[in-house]
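Readers should treat all values here as calculations from the given coordinates under stated rules, not as data from a laboratory. On a predicted model such as this, the values are computed, not experimentally measured, just so you know. Cβ sites come from the backbone with ideal geometry, for glycine too, and all protein chains shown count toward neighbours.
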Amino acid sequence: MKKIIIGNFKMNSTVSEFKSYAMSLATKTKGTKNTVVVCPPYTHLTTAKEFLSGSKVFVGAQNIADAESGAYTGEISAKMVKDAGANYVIIGHSDRRNKFKETDKLINRKIKTALANGLKVVLCVGESLQTRMEKQEAAFVRKQIDDDLKGIYENELESVVIAYEPIWAISTNRTEKTKAITARDINKMIEIIRKEIEAQYSQKASKNITILYGGSVNLNNYKKILGNENVDGAIIGGACLDVDNFAMIARETY
């Protein structure tokens with residue numbers, strides 16, 4: 001089964017380091033049947049476009065502004081990242097929601113801006129440990145989806161990928177008391193997401209929406225996670241920084 005494998009570099013590497021990475025990744029992913037996307041920092045996008053051109057790897061940005069242009073010092077627009085070579089953009093990542101206090105209203109505006117500029121959106125949703133302990137994870141994620149996709153038409157969902165990113169399952173947020181996420185947990189949330197898409201759009205939209213998993217996917221667990229037929233792919237953080245590891249995950253047949 002073909003999967004979507006997305007590498008999120010976060011704030012790592014220099015342009016020169018990424019150049020070497022991109023050349024290696026282009027070679028190591030030849031022949032893969034999966035859709036592979038790498039999302040480096042903004043400064044690397046033109047380099048990514050140059051060295052991944054003609055390969056099996058698409059380029060994505062990690063974020064965009066909600067405005068098209070104007071007096072927004074330090075922001076980067078959808079048009080800019082598209083022009084620099086991005087095909088995809090991650091929106092609503094837990095880092096942005098938690099560290100930069102991005103709201104669902106802001107995320108909704110960003111999605112609309114991304115789609116208007118021809119970018120494919122990777123929308124991240126997911127609950128905290130406290131929300132899960134309060135048994136409110138289903139209601140929380142449903143509301144995220146409703147608010148984030150408000151005003152998005154069904155035909156536009158063809159350019160939207162949803163990534164379930166349980167914040168509590170990410171290694172940097174884990175505690176000794178936190179149990180590792182199980183296939184049952186993942187499947188249950190994917191079912192909730194699909195049912196919410198069906199409720200807001202249609203059964204066809206629910207069936208066709210691509211749902212990824214993102215939560216400390218690495219060499220030790222990727223086969224188990226991506227071997228799950230309900231999981232359409234993964235968004236990978238730390239494990240993507242090693243080109244051999246990321247290429248191995250990207251080349252796998254699931």
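Looking at the stretch 4-251, the pairs of alpha carbons with a distance over 34 Å make up 12% of the total.
Taking the chain as a Gaussian network of alpha-carbon nodes connected by springs under 10 Å, the highest mean-square fluctuation of the residues Asp104, Asp148, Asp83 belongs to Asp83. For the stretch 1-113, the fraction of C-alpha pairs farther apart than 16 angstrom is 60 percent. Mean-square fluctuations from a GNM of the chain, with a 10 angstrom spring cutoff on Cα atoms, peak among Asn208, Asn117, Asn34 at Asn208.
Per-residue extension of 0.36 nm, minus the Cα-Cα distance of Ser53 and Ser159, leaves a gain of 36.1 nm for this segment. Taking a point 7 Å from the Cα of Ser24 along the Cα-to-Cβ direction, the residues of the stretch 207-221 with backbone N closer than 19 Å to it are 218-220.
A Förster radius of 45 Å combined with the Cβ-Cβ distance from Arg184 to Ala116 puts the calculated FRET efficiency at roughly 0.70. Take the Cα of Lys2, go 7 Å toward its beta carbon, and the backbone nitrogen atoms of the stretch 144-169 under 16 Å from that spot belong to 158-161.
Couplings for the stretch 248-254, taken from phi via the Karplus curve 6.51 cos²θ - 1.76 cosθ + 1.60 with θ = phi - 60°, read 4, 5, 5, 7, 4, 9, 10 Hz in order; Gly and Pro are left as x.
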